[in-house]
There are 4 protein chains.
Amino acid sequence: MVKVTVWNEYRHERNDDKIAAVYPEGIHNQIAGFLKEAGMDATTATLDEPEHGLTEEVLNNTDVLVWWGHIAHKEVSDEIVDRVHRRVLQGMGLVVLHSGHMSKIFMKLMGTTCDLKWRDVGEKERLWVMNPSHPIAEGIGEYIELDQEEMYGTHFDVPAPEELIFVGWFEGGNVFPSGCTYRRGNGKIFYFQPGHEAYPTYYHPEIQSVIVNGVQWAEPTKRAYPVYGNSKELETIKREVLL
Amino acid sequence: MVKVTVWNEYRHERNDDKIAAVYPEGIHNQIAGFLKEAGMDATTATLDEPEHGLTEEVLNNTDVLVWWGHIAHKEVSDEIVDRVHRRVLQGMGLVVLHSGHMSKIFMKLMGTTCDLKWRDVGEKERLWVMNPSHPIAEGIGEYIELDQEEMYGTHFDVPAPEELIFVGWFEGGNVFPSGCTYRRGNGKIFYFQPGHEAYPTYYHPEIQSVIVNGVQWAEPTKRAYPVYGNSKELETIKREVLL
Amino acid sequence: MVKVTVWNEYRHERNDDKIAAVYPEGIHNQIAGFLKEAGMDATTATLDEPEHGLTEEVLNNTDVLVWWGHIAHKEVSDEIVDRVHRRVLQGMGLVVLHSGHMSKIFMKLMGTTCDLKWRDVGEKERLWVMNPSHPIAEGIGEYIELDQEEMYGTHFDVPAPEELIFVGWFEGGNVFPSGCTYRRGNGKIFYFQPGHEAYPTYYHPEIQSVIVNGVQWAEPTKRAYPVYGNSKELETIKREVLL
Amino acid sequence: MVKVTVWNEYRHERNDDKIAAVYPEGIHNQIAGFLKEAGMDATTATLDEPEHGLTEEVLNNTDVLVWWGHIAHKEVSDEIVDRVHRRVLQGMGLVVLHSGHMSKIFMKLMGTTCDLKWRDVGEKERLWVMNPSHPIAEGIGEYIELDQEEMYGTHFDVPAPEELIFVGWFEGGNVFPSGCTYRRGNGKIFYFQPGHEAYPTYYHPEIQSVIVNGVQWAEPTKRAYPVYGNSKELETIKREVLL
């Protein structure tokens, strides 16, 4: 059974009544809830826990980490970011949601600013499937329609996605690479754009399916970590020329 | 005329007679020399100059930066690395050579450890062209043969190259993705593996051609930097649902 | 000077007064015109010429072939398609425009149906730049706006583009991978979606710039065609085991 | 349970005693055997059966088709090739082995000549894992060593692999992109180079693991086939300009 840790900064839900009305138990519990229903072993961790809930033990027992953050990216300690980074390179999957695009961990893995255009006026989004054979699109129709979502618009300053699963169409005239996969080290990363805190996006059945699929796709591949460094020759080398 | 700055840590050539015998003027001057012959406006910068020779003014006047470093990666100040990083994201090209794979700037742009297998016994390498239509392969035969080179072997802990131009075959039984392109922000990056300081690799005509081609390929694309941040709608949005 | 042949089926412009009003000299002459203004050696060829204007001699003297077709794809002879296919694999660039997506030559190079959603009601399109460092985007703003264009919508049944330069936003709610590059053999291919015959798309300055850039990008790389087939060993092989 | 059909031209094993000694039941039965051991529902089909064993019924009941052919590619009827092609585009996985690179179906899906360098002198090959997080590499060490294999060498005239899983090092001085994935339509394709008929390659446990992994990776994604063709608008379009 895949072991998932859902991380949330968990601030909006405690500071803002409107957000609390949408996610009374916090975004993390909403997400962990539907992952459990899909048969996963899902737990949660939040910013204000010791070590942000991401101790070495927790991370060593995590197959896939789901990340939601927004207003408190800077409060995440560099030490914990480095710890998560090491674990991703060692094979832990990472699913980064919505405003997690500006999290320290995502920026560190991408090597770019991860900046984008945005607008929060509650406009319609339609997420189109671009890659019909990808397991992350399993069970999804031609598009997913969201009555209201924050607009995230191109240009998105990330490396070109290795696989582009969704492109978002926004009512206000923008487009966005809304579902992107990356591989870094031995880890797989899925970025998925929907999920502004003010809208009930994570209650949408197809959005839930995409996140479940994304977690499954990001599960670690079972093999030994590569050996780096000085390496003896595997074949005889003629040393005709003196060094 | 493309403006190139060739950066070199310039230590081996001053501290080790064997290396000085190969590159008496330093690796940077050897590279700048053949870039000039190819009609480029090439200057040099080295670690021990103030600001490592990479002042704001120098970088703002650089179209493409070539980077060679090996034993002193840690001596490069984080401030200068951040400055180079910003310039790459704004559009400056970057050609990273050989042991530059462990430079702070390359690691920061890749988001991974950039580690690899290595062995320095002076074995033969044969670099095969994998992408025959790529401008970086222009004028290059089916392969480039180097009598002696340091072995760099897979797994190379970088993101999958966006374009794989060369794969190196090593006498001792290893292979390596020896010519790789990436795009980060508005900048183009070319990593090219050959060039251990103890061998006359940068005197090889085809190696020189590849670097010349790589610099040309990495030249900035002329267009305005994208606008990020809050962005007004371009089309009328129906706000049927109250926010 | 890059030698371009602009191929057009040239039927709409002769059979339909409305189209003739937009392109009185034919789409091919409109395109060849702005390519010449950009300093290129551009000629034209059309379906009803002998060998569709694409003799061995013409193709052997073509660096980049631009293709526009729509209602007469089936009238293009398989022999000529095979001839163009061979030339692309040998290095000739190919720029496929708009409804050329269903041309025999594009389908043969892609290996898929090249099908898509479409709708021709004269809606607005906005083409967003996705890849800011790509030379095909040189000089282009954040997006190109077309008052009226035929809608082409995802899913587009082609292989995932090797580079995705533009995504089109359509007023009616669709998106499309509107600027895509591919490499096949020694040839480079650029598909660009705008250009329905009923709208003055090829008079738009930025659309013209993209096509000029696309032709430049698709120019052949100068190197010998790879050698295939039986190949003697380059290194001594120990034959310890009898065959 | 994944339903696999293993197709083999089945000629060498009946015409050549040396090959019969290696694969007395045919290559197809050897492969089907280890797929069954891995828990798959594997059956076989061969060239000389009616419709080459690939009736509509067989293909409609196949999740993943494995293909081995060599000397009789031309005897495969175009009608059956078109049938397999349609099924791949509809979602059936395809695993193409060794000399299957020149099969009609692979060439049709790739759009290129699929040519390569080759040499059959029984040299050593070492297949290096290039993509450590890919499920096709699950359980595989840093490399797979084959005492004797036919050399397949770069340049391999196929589109750049979407994912490059293995690179082969050959004793005689060549390299090859030995494990490549592609997506075409709704189908996933894995090409894997080892498997010359004269060597016991398909008895090698790690080669078997790769093929098992490849079949699993290529399983169809469950979702409706995309709708193509004329498509009504999803949003209101302002028709300010008369058509």
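The values are calculated or read from the model by the stated rules, or taken from the named source; none is laboratory data. No experiment lies behind these values; they were computed from the predicted model shown. For neighbour counting, all protein chains shown are included, and Cβ atoms are generated from backbone atoms with ideal geometry for every residue, glycine included.
Within the range C:159-179, the set of residues being surrounded by fewer than 24 Cβ atoms within 10 Å (Cβ to Cβ), in contact with a Pro (Cβ under 8 Å, 6 or more places away or on another chain) and of a type in the set (A, V, I, L, M) comprises C:Leu164 only.
Every condition in (1) under 19 Å from B:Gly93 (Cα atoms); (2) of a type in the set (D, E, K, R); (3) touching a residue at least 60 places away in the same chain (Cβ under 8 Å) is met by B:Glu163 except one, and the failing one is (3).
Annotation note: Cβ proximity below 6 Å between a residue of the range B:129-155 that is closer than 27 Å to A:Glu235 by Cβ and a residue that is at pLDDT 95 or above and assigned to a helix (DSSP H, G or I) (sequence gap 6+ or interchain) occurs for B:Val129/B:Ala137; B:Ile140/B:Glu206; B:Ile144/B:Glu206.
Of the residues A:Tyr203, A:Tyr191, the single one that is in contact (Cβ under 8 Å) with a residue 12 or more places away in the chain, surrounded by fewer than 24 Cβ atoms within 10 Å (Cβ to Cβ) and among the hydroxyl-bearing types (Ser, Thr, Tyr) is A:Tyr203. Suppose the filter is within 14 Å of the chain's Cα centre (by Cα), away from chain D (no Cβ under 11 Å) and closer than 24 Å to B:Tyr225 by Cβ; does C:Ser178 pass it? The answer is yes for C:Ser178. Taking the range C:169-187 as the range and being under 19 Å from A:Pro177 (Cα atoms) and not in a loop (DSSP other than H, G, I, E, B) as the test, the residues that pass are C:Trp169, C:Phe170, C:Val175, C:Phe176, C:Pro177, C:Ser178, C:Gly179, C:Cys180, C:Thr181. Only a single item in (1) more than 30 Å from A:Tyr225 (Cβ to Cβ); (2) out of contact with any Phe, Trp or Tyr (no Cβ under 7 Å at 6 or more places or on another chain) is not met by A:Gly93, and it is number (1).
So which residues in the range C:1-51 are over 16 Å from C:Val66 (Cα atoms), surrounded by 14 or more Cβ atoms within 10 Å (Cβ to Cβ) and among the small types (Gly, Ala, Ser), if there are any at all? If the condition is that a residue be over 16 Å from C:Val66 (Cα atoms), surrounded by 14 or more Cβ atoms within 10 Å (Cβ to Cβ) and among the small types (Gly, Ala, Ser), then C:Ala20 is the only one that fits.
Only a single criterion out of (1) out of contact with any helix residue (DSSP H, G or I) (no Cβ under 7 Å at 6 or more places or on another chain); (2) over 29 Å from B:Leu164 (Cα atoms); (3) of a type in the set (D, E, K, R); (4) within 14 Å of chain B (Cβ to nearest Cβ) is not satisfied by A:Glu79, namely (4). Considering (1) surrounded by fewer than 24 Cβ atoms within 10 Å (Cβ to Cβ); (2) within 27 Å of B:Pro132 (Cβ to Cβ); (3) polar (S, T, N, Q); (4) in contact with a Phe, Trp or Tyr (Cβ under 7 Å, 6 or more places away or on another chain), say which one B:Gln216 fails and leave the rest. All conditions pass for B:Gln216, except number (4). Taking the range A:89-168 and the strands (runs of 3 or more DSSP E) fully enclosed by it, the elements with 2 or more residues that are of a type outside the set (A, V, I, L, M) and more than 12 Å from chain B (Cβ to nearest Cβ) are at A:117-129, A:143-153.
Report whether or not C:Val58 is among the hydrophobic types (A, V, I, L, M, F, W, C), assigned to a strand (DSSP E or B) and surrounded by 15 or more Cβ atoms within 10 Å (Cβ to Cβ). No. Report the residue count in the range B:188-243 for those that are among the small types (Gly, Ala, Ser), within 14 Å of chain A (Cβ to nearest Cβ) and assigned to a helix (DSSP H, G or I). The number of residues fulfilling the criteria is 0. Any residue that is more than 17 Å from D:Met107 (Cα to Cα) and in a helix (DSSP H, G or I) - is there at least one of those in the range D:61-84? Within the range D:61-84 (the criterion being more than 17 Å from D:Met107 (Cα to Cα) and in a helix (DSSP H, G or I)), the answer is no, since none of the residues qualifies. So is C:Val64 touching a residue at least 24 places away in the same chain (Cβ under 8 Å), within 12 Å of chain D (Cβ to nearest Cβ) and surrounded by 24 or more Cβ atoms within 10 Å (Cβ to Cβ) or not? Judged against the criteria, C:Val64 is not a match.
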